[in-house]
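Notes for the one structure printed next.
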Amino acid sequence: QVQVVESGGGLVQPGGSLRLSCAASRINFNIYTMGWYRQAPGKQRELVATISPSRSTNYADSVKGRFAMSRDNAKNTVYLQMNSLKPDDTAVYYCNAAFRSNTIWGQGTQVTVSS
């Protein structure tokens, strides 16, 4: 089954760190642009970061300097290292795989930043 599955969410205190993972199955992972999106309660889903097949990255202004996205093509996995977390980072984080008109979404993983 073609899918992407997120993991690594949880509860963390402000200023803390988390690393999210997203494992892809049954796709030619190397040609996909991978992305992390998030959706907070009552808000629209927004882009957090993307990484191209050539490992070029793009970040939302709100996370620049705090988050880092990477990919391991041997493991069909992407990561989102999140540092200096803030309460405003609380959201469900979704992984996305995109190639031309083909897009795959994961089920999401909850990240809660609270003391």
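Within the stretch 91-115, track down each residue that is surrounded by fewer than 18 Cβ atoms within 10 Å (Cβ to Cβ) and either out of contact with any helix residue (DSSP H, G or I) (no Cβ under 7 Å at 6 or more places or on another chain) or free of Cβ contacts under 8 Å to residues at least 24 places away in the same chain (or both).
Of everything in the stretch 91-115, those that are surrounded by fewer than 18 Cβ atoms within 10 Å (Cβ to Cβ) and either out of contact with any helix residue (DSSP H, G or I) (no Cβ under 7 Å at 6 or more places or on another chain) or free of Cβ contacts under 8 Å to residues at least 24 places away in the same chain (or both) turn out to be A98, R100, S101, N102, T103, W105, Q107, G108, Q110, T112, S115.
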**Message:** Can you pull out every residue in the stretch 57-90 that is without any contact (Cβ under 8 Å) to a residue 60 or more places away in the chain, open to solvent by 50 Å² or more (accessible area, probe 1.4 Å) and not in a strand (DSSP E or B)?
**Reply:** D61, S62, K64, G65, A74, K75, D88
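So which residues in the stretch 71-88 are over 23 Å from I31 (Cβ atoms) and more than 12 Å from the chain's Cα centre (by Cα), if there are any at all?
So the first thing to find is which residues in the stretch 71-88 are over 23 Å from I31 (Cβ atoms), and the list is 81-88.
Of everything in the stretch 71-88, those that are over 23 Å from I31 (Cβ atoms) and more than 12 Å from the chain's Cα centre (by Cα) turn out to be N83, S84, L85, K86, P87, D88.
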**Message:** Tell me yes or no: at least one residue of the stretch 21-41 is of a type in the set (D, E, K, R), within 25 Å of S115 (Cα to Cα) and open to solvent by 50 Å² or more (accessible area, probe 1.4 Å).
**Reply:** no
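The values are calculated or read from the model by the stated rules, or taken from the named source; none is laboratory data. Owing to the predicted nature of the structure, the values given are computational and were not obtained by experimental measurement. Note that we place each Cβ from the backbone using ideal geometry, even for glycine, and neighbour counts take in every protein chain shown. Only protein heavy atoms, including side chains, enter the accessible area calculation; ligands, DNA and RNA are left aside. Shrake-Rupley method; radii C 1.70, N 1.55, O 1.52, S 1.80 Å.
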